[in-house]
Structures are given as structure tokens and as C-alpha cells.
Amino acid sequence: MLENCEKNVDFNADIFHRKASVHVRELDWKDSWPPQEANTSPSKGSNDEHLNISTKAGQPYLFRYSWTQSEIEELKKASLLLAADVIYSDDLTDAFFSILKKLISDYPEKVLYLTLEKRYNFSLDDLDVVASGYSHFRSYLIIGEADDAGCKQFDSASVPFFVGEQIDLRYIPCYVRDYSRGNAVEIWKIKLNRRARF
């Protein structure tokens, strides 16, 4: 997946601003943040400073997409985060919001724009077609004004939560030909609730 992302960046490089710099990096939601630094010595014969060899789960692993310390510091100061198509299962949604809490806590003014497509499945519990992953996603958000209602607890020591605002897609141009977004596609603006305590 990361290689496809990198190819997409290369393919579209001519439409970026000339000063823009895009680096594809792995962000495993189940790992700690900031990530452990990979072995910083490039592999033999490599001119790529990000092409690093290390060990993951006891096996040699190519850390081509590992973070440098300067990139971690840059991300701390970033004001905008983007995520797309990341809501699938409850456990991954939990991991996503856990890492988001860590990323936003460095700079509470950060804003995340998240796009998703509701995935409908038949539920034996409900005996109906439901978007259960979507319901779990929404349980992490306070819609509109921030208050203490409906927040999702991460642990007993803290109650960080997020404020979500659904963006009206009628105001977002669609540049893909012969594509209909349908009613299942949504864009959310997500911020840290200022009342959250870490």
C-alpha cells in the first residue's frame, strides 16, 4: 500500500507547488508514538537516506517508510492532518483514535479532515442492515459544541475526546469523471475538545 501511495505522489508531482515536499511514511496505529527510530545507516549501495534495514518481529525489514527525527518534529508542529478510508472495524477505529489523541496532543489546534464511506452489512444482533463500524466511529465524536455527553473513554485516568463536524459535500467539487459519491461518503472535520484532559 505504501508503495502505491509513493507511486501516486510521483505520478502527481507536477501538480504540487514547486516548494512542496511529500514523504510517504508508515503510521502503524497499534505501535507507540513517536515511533522507535530505525537503524539510520543506509543499506549498502543505497543513496536513499530513508532506505534503512532493521528488524521487525525478528525478521529483516526494509524501513524505507520510517520516520526521521526531523519529520517527527515537523509533524508535531503541523496544523492539518488528513485521513481517508480508515474506518473498517471497531478495533482499528479504537487504535486510530488512540494514535490521533497522541498526534493532536502535541499541538491542540490541529485539525483532522477525514473522509469515509459507510460500510453497510447485515447484522445478526440487529437483524437489519447497519453500518456498525460507522456507529463506533461516531461514538468518539461530540457533534457540534463540545460537552461531556457521549465521549469515549480511553482509560480510567483520562477522558480525551473529539469534536466532529460533518462537511456538506455539496460545496466540495468532484473532479473524477463518471463518479457518483452517493450518500455513504462523508467528510468530517475533527478537532480536540478543549475540555479534554490528558
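The numbers here are math on the coordinates, done by the rules we state, and not lab data. It should be emphasised that the depicted structure is a prediction, and the values quoted were computed from it without experimental measurement. All Cβ positions, even for glycine, are placed from backbone atoms using ideal geometry, and neighbour counts span all protein chains on display.
Brief remarks on what is shown
- Fewest-first ranking of Phe161, Phe16, using other Cβ atoms within 10 Å as the exposure measure: Phe16, Phe161
- Counted by neighbouring Cβ atoms within 10 Å, the residues Ile172, Ile142 run from fewest to most as Ile172, Ile142.
- Model label points for Lys191 and Tyr107, set 7 angstrom from Cα along the Cα-to-Cβ axis, are 1.5 nm apart.
- Pairs exceeding 20 Å between alpha-carbon atoms, taken from Lys7/Lys102; Lys76/Lys191; Lys77/Lys118; Lys19/Lys102; Lys19/Lys101: Lys7/Lys102; Lys77/Lys118; Lys19/Lys102; Lys19/Lys101.
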